[in-house]
Each structure stands twice: as structure tokens, then as C-alpha cells.
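The values are calculated or read from the model by the stated rules, or taken from the named source; none is laboratory data. What you see is a predicted model; the values in this text were computed from it and never measured. Cβ coordinates were reconstructed from backbone atoms using ideal geometry, including for glycine residues, and neighbour counts include every protein chain displayed.
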Amino acid sequence: MKCESCNKKHATVHLTEIVGTVKKERHLCEECAQSINTHLTKIPSPTEILTSLINQVAPEINEMSKIVCPVCGLSYLEFRSHGRLGCAMDYTIFRKGLIPLLEKMHSSTQHVGKVPSRAGKELIKKNELMQLRSELNKAVEKEDYERAAELRDKIYELSGDNDED
Amino acid sequence: MSSQATTMKISDLADNTGEWLRGTGPESDIVISSRIRLARNVARFPFLSRANVKQKKELEEIIRDKIKDSDISQDLCYLNLADITPVDRLFLVERHLISREHAGGEGERGVAFGKSETVSLMVNEEDHLRIQVIRSGFELKEAWKTIDEIDNKLEKKLNYAYSSRFGYLTACPTNVGTGMRASVMLHLPALGMTHHIEKVFNAVMKLGLVVRGLYGEGTQVSGDLYQISNQFTLGKSETEIIEIIESVIPRITSYERMARKALVSESREQLEDRVWRSYGMLKVARLISSEEIMHLLSQVRMGVNLGIIKDIEMKTLNELFILTLPGHLQKLEGRELNSTQRNVIRASYVRKRLEK
Ligand SMILES: [Zn+2]
Ligand SMILES: [Zn+2]
């Protein structure tokens, strides 16, 4: 097989390009392959997909443009141009900009997979606290102050070692 | 976990390959391997792009120690990537033990992997920790079982960045949620030859899956090797994602088998000629480029699967895809080689392997 670019040398490089859903084959000699290699359309990497998505779904740029994460110092604009977040807190700080992006990317904005058992414990604790608080409210309403004091102590005890949130 | 003289360690690996290339397991005529990767970050540390030198070092130490403490596997060895040469890093990329990004990264970072090379743990890649399990053949469920256990063991020691809304928090929002990328590597020469591969891409993309080349992100397809993996990581559980991939693979493999059958019945002579010519080329050529060898190996591999060639083991062929890559050849020779030198050594190495 002759090289399809120079038509002189033997084609030893067989490339497959995927552009969207179309596959194209190219048969080239080593030299031609090297010289065009930089122009070859590659399969878009997740980063490239991400950058194009960011540009599509983040029109609220004005509103978000001044926001900077107080923890890691990343600005929303920096995130937009690099596609990488700086810390876990950014998911909260940039939430407004991220939600439409996640929706577009994953067709969902709610995790339903694995829960680390540590986080599981936190969730259980949170639920327990909520339960206790509503009981406390009821106790106060009923003017059952003995019960209320008991509940208050329990709440203090539980939330004391809770360094989350 | 040991960290012996690292160069020695890598040279020891150079003449063989990981267990996942042995060519066994379900559907292994077409499915080369099944791989799952989990992205995890440690809570209260910035992601790596915002971490300073000190924090990176601290992270590397913490994660390395916790990996050591969590008895994932007896024979894990740990390499600090900053301490090894670029050729060694390339070698590990070709081996699928680290990613290209990890190899080309900066600062304190490392990888722990077991002797069988089924498990690897990348420290300070794009995320603080990336766990990977690869198995031979179509075995995603088994890979998930293994990686889930490893993740559980590590999670007891490391406090992961996690939120109940967004799941495992990752540096790139394309990985958030499960942090899981599951992929299956397929050898589809007949679908390529008969130009039906686009139909596969269409079917796969409708399910929210993506097709990539041998080395993941943005890589060219060569040797008719394709990786199919999930794009979305949020909104579906790990098992659901695996089931979606698992549902599409048998359709692709039976499609490839149909295409092979059609080639055999409609153009047997041409097919046999192609296969034998490729085999002949591998046995006699004096210069073979890395692109050419992928093409030749692909043809021969299909020939072996169709019973046209009977005297090569599948394991040997699978291994040659990796052992003839630039990093491997340079490790084998123990020195840096330019592309012409590599082509000479590649050809002679293959000739030797096929003589046996
Ligand atoms: Zn040419
Ligand atoms: Zn931040």
C-alpha cells in the first residue's frame, strides 16, 4: 500500500480517526504521518468536552464572575477557563454555576451511588439530631421543661463532636 | 509493601506482562480486558491544582502510609514517580499502571501496585488517589468487587471528600459522583475492515458511553483496539453503570463475530492472505514502526481467533502489543533509543518471540 499523502513511500502508519460518529482510516508513510500528526483530529478528551460544555451552559457569567472560593482561592472565572476545581468547598461555592453543567454532563445532579460508611455515620447523626430538635420543640410547646433540658443535653452531646458543616 | 531499588524493580517487569494480558476470561477472543478506576480525594486538603508543595508532600505521605496500613495486598510495591526516569514512567504508562497525565505530572506523586499488576493505586494524579483494577477478559463485575473492597479498606483510614448531594468530590466535575470510570478493551478488526464500526459507536453513544483508543483520553485508535467506557458518573450507581456497559458488550462481540464469519465465507482467500502476510511480515521484517506493528499484530490476532494460524498463543500476541512499545523496548535494551533504533530492535524482538 502506498502512502496516501505523498504517494511515494510504503504506507506503514495506519490511523483511525473518529470524528463524531464517523470513522476515517488513513494510510501513511512514517514521515507524512509525523508531519500531519499535529493536525489530526483526536477523539475529544473529557477535558475538551468539559471546556465546550462550560462555554455552552454558563451564561450567568456576570453573576458568578466575582465569586472566589474563600478556602482555596480559586475564582469561578479560573474554573471556567481550566475546568478544574480547587477544593471540595468549590462544589458549594460555585453551586449555581455547576448545577447546569452537571445536569448537561451527567443528566443528573444527585449522587445515588456508594456512600462511605464514615459519611453514612454522619448522615445517621444528622438525622438523629433533626429528630431530637423536633422533639425538643414539641417538649417546649408542651412546657415539659424537664424533658426539654434532657433533650438539649443530648443535642449538645451529639453535635459537640460533629465538626462537619 | 516494599520500596526496593526502583530501577531494578522496573527492569524485572520488562520481559513479561501483567496478569490481565494472559488472554483468558470470558469472551477473551474479543474482550482483552476489563478495567475500573475510582477517583478519591482526601477531605480538608485542596485538590492538587491548588495544593502547594508542602501539601502535596503531606498528601503523598499520608496516602502512601494508609495504603501500606490497609493490607490491600501483601506484595504491593510503591514507586515515587519523581525519583524515576522518564523512560521508566513511560514504561509504567504502557503497562497501564499509571496514566499519561500522572507520568507527565509534577511534584510528589507515586504509584503502588501488586506483582500481578491487577491493582494499582496512583497517588497525587489529577485526584489525590486513583484506584484501578484490571482483569483479563470480560469481567467488570469481578473488577468492581475487588475495587469496592479496596476502597472500603482505604476509606477506614482516609477521610474522603464526599457530599450526599454530589457524592465523591473530584477535581474535575466530569468525575464527580461515583468517581468511577469502567471500561472494556475490545479487539474489533473485522468491524473495522467491513466499515461497520460506526454503527457500534452510534449504539454506544446513545447509551451515554464513549469510545477511546488504547491509552484512554484523546488517544488514537490503533491495532483495532477500542475502549468503551462510561461518560457520566453522577445520578447512577456503580452497579447501574456497570450493567449498562455489560449490556452493550455482548451485542458488540456478537456483531464482531458475525463480521468475521461474513469475511470468512465471502472472501476467505483475501482474509487468509492478509493474515498470513501480516504474520510473515512479523517474522521477517527488519524495521517495524510502532504503528505498523499494532496493525500487523491485530491481523494475526484475528487469524489466531479464526483458526487460520495455529502455532501462536493468544497470551504471546496480547503481550506483544505491550512489549513492543517504545518504553518497553528501551527498558529491555537498558538504554535510550531513537525511533530508527527502536524500529530495528522491535523487529528483532518480535522475530525472536515468534521463533519460539
Ligand atoms: Zn508519505
Ligand atoms: Zn475552593
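Scan region B:224-249 for residues that are touching a helix residue (DSSP H, G or I) at 6+ places or on another chain (Cβ under 8 Å), part of a helix (DSSP H, G or I) and farther than 22 Å from B:Phe166 by Cβ and report the count.
Qualifying residue count for the region: 3.
Taking only pairs six or more apart or across chains, which ones have beta-carbon atoms under 8 Å, a first residue in region B:35-51 that is in the same structural domain as B:Trp144 (by TED's automatic domain parsing) and within 14 Å of B:Ser163 (Cβ to Cβ), and a second residue that is assigned to a helix (DSSP H, G or I) and among the acidic types (Asp, Glu)?
Pairs that qualify, where the first residue is in the same structural domain as B:Trp144 (by TED's automatic domain parsing) and within 14 Å of B:Ser163 (Cβ to Cβ) and the partner is assigned to a helix (DSSP H, G or I) and among the acidic types (Asp, Glu), are B:Arg40/B:Asp151.
Among the residues of region B:82-91, is there at least one that is in contact with a Leu (Cβ under 7 Å, 6 or more places away or on another chain) and surrounded by 20 or more Cβ atoms within 10 Å (Cβ to Cβ)?
yes
Which of the helices (runs of 4 or more DSSP H) found entirely inside region B:103-209 contain at least 3 residues meeting this: under 20 Å from A:Pro116 (Cα atoms)?
B:140-155
Against the condition away from chain A (no Cβ under 14 Å) and more than 23 Å from the chain's Cα centre (by Cα), how does B:Lys261 come out, does it pass?
yes
Based on what the data block shows, is B:Ser33 under 19 Å from the mean Cα position of the chain (by Cα), of a type in the set (Ser, Thr, Tyr) and closer than 25 Å to B:Lys141 by Cα?
yes
Inside region A:70-152, counting only helices (runs of 4 or more DSSP H) that do not spill past its ends, which hold 3 or more residues that are at the interface with chain B (Cβ under 9 Å from one of its Cβ atoms)?
The qualifying helices (runs of 4 or more DSSP H) are A:90-93, A:95-106, A:117-141.
Would you check if B:Tyr168 is surrounded by fewer than 23 Cβ atoms within 10 Å (Cβ to Cβ) and closer than 13 Å to B:Ala39 by Cβ?
For B:Tyr168, the condition - surrounded by fewer than 23 Cβ atoms within 10 Å (Cβ to Cβ) and closer than 13 Å to B:Ala39 by Cβ - is not met.
Hey, among the residues in region A:1-51 that are of a type in the set (A, V, I, L, M) and away from ligand 1 (no atom under 13 Å from the Cβ), which one's modelled with the lowest pLDDT?
A:Leu40
Within region B:48-62, is even one residue within 16 Å of ligand 2 (Cβ to nearest atom), outside any helix (DSSP H, G or I) and within 14 Å of chain A (Cβ to nearest Cβ)?
Yes, the conditions are met somewhere in region B:48-62.
For region B:20-47, give me each residue that is crowded, with 23+ Cβ neighbours inside 10 Å, within 14 Å of another protein chain (Cβ to nearest Cβ) and not basic (Lys, Arg).
B:Ile36, B:Leu38, B:Ala39, B:Asn41, B:Pro46, B:Phe47, listed by residue number.
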